[in-house]
1. What is the number of the single condition among (1) surrounded by fewer than 20 Cβ atoms within 10 Å (Cβ to Cβ); (2) in a strand (DSSP E or B); (3) under 11 Å from the mean Cα position of the chain (by Cα) that THR55 does not meet?
2. Being surrounded by 14 or more Cβ atoms within 10 Å (Cβ to Cβ) and in a strand (DSSP E or B) is the filter here, so list the residues in the range 63-89 that pass it.
3. Quick one: is ALA114 at negative phi and modelled with pLDDT of 90 or more?
4. Would you be able to tell me the number of residues in the range 3-49 that are touching a Ser or Thr at 6+ places or on another chain (Cβ under 9 Å) and not in a strand (DSSP E or B)?
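The values are calculated or read from the model by the stated rules, or taken from the named source; none is laboratory data. None of the values given here were measured: they were computed from a predicted structure. Using ideal geometry, Cβ is built from the backbone for each residue, glycine included, and neighbour counts are taken over all protein chains shown.
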Amino acid sequence: MSFFALVSGTLAADPQARDGQKGRFATASIRSVAGEDAVVASVIAFGPLAEQMLTFSKGDALAVSGPAKLNTWTGKDGLERHGISITVTQLAAAKPPSRARPATRRTSRRQEVAAPSVPDDPIGDLWGPAP
């Protein structure tokens with residue numbers, strides 16, 4: 001059974017790049033805290049979303065959404081564990097994207113916009129007779 005989930009939190013570790021049969025993908029863990037409870041979601045992203053996820057590092061705040069599944073497994077200590085895994089279809093970050101070009105300073109002055117010029121029409125067939 002799968003459902004749609006939205007999880008926001010911080011990256012528990014740096015995302016890892018992987019190569020598969022259909023191309024590159026990225027995996028990561030997001031730690032989300034609600035009150036005293038913490039949930040760790042395993043996420044996987046493909047294509048451009050994978051490349052975007054790989055630009056972040058441990059501790060960065062992210063929100064991801066997509067189809068999810070609940071997982072259950074037995075840990076090394078013998079206790080039953082539960083988790084959630086999400087295939088990322090949307091990703092949002094609190095960290096601004098890096099810019100390749102330097103930021104330009106905006107001025108408060110308005111620039112005058114010239115009115116479009118009317119072409120000279122010596123024959124008079126473009127605009128019709130003058131009023």
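1. (2)
2. Filtering the range 63-89 down to residues surrounded by 14 or more Cβ atoms within 10 Å (Cβ to Cβ) leaves 63-66, 68-69, 83-88.
Within the range 63-89, ALA63, VAL64, SER65, GLY66, ALA68, LYS69, GLY83, ILE84, SER85, ILE86, THR87 meet the criteria.
3. Numbers: at negative phi: yes; modelled with pLDDT of 90 or more: no.
When the stated conditions are applied, ALA114 does not pass them.
4. So in the range 3-49, the residues touching a Ser or Thr at 6+ places or on another chain (Cβ under 9 Å) come out as 4-18, 27-33, 38-46, 49.
Narrowing the set further to residues that are not in a strand (DSSP E or B) leaves 12-15, 49.
The total comes to 5.
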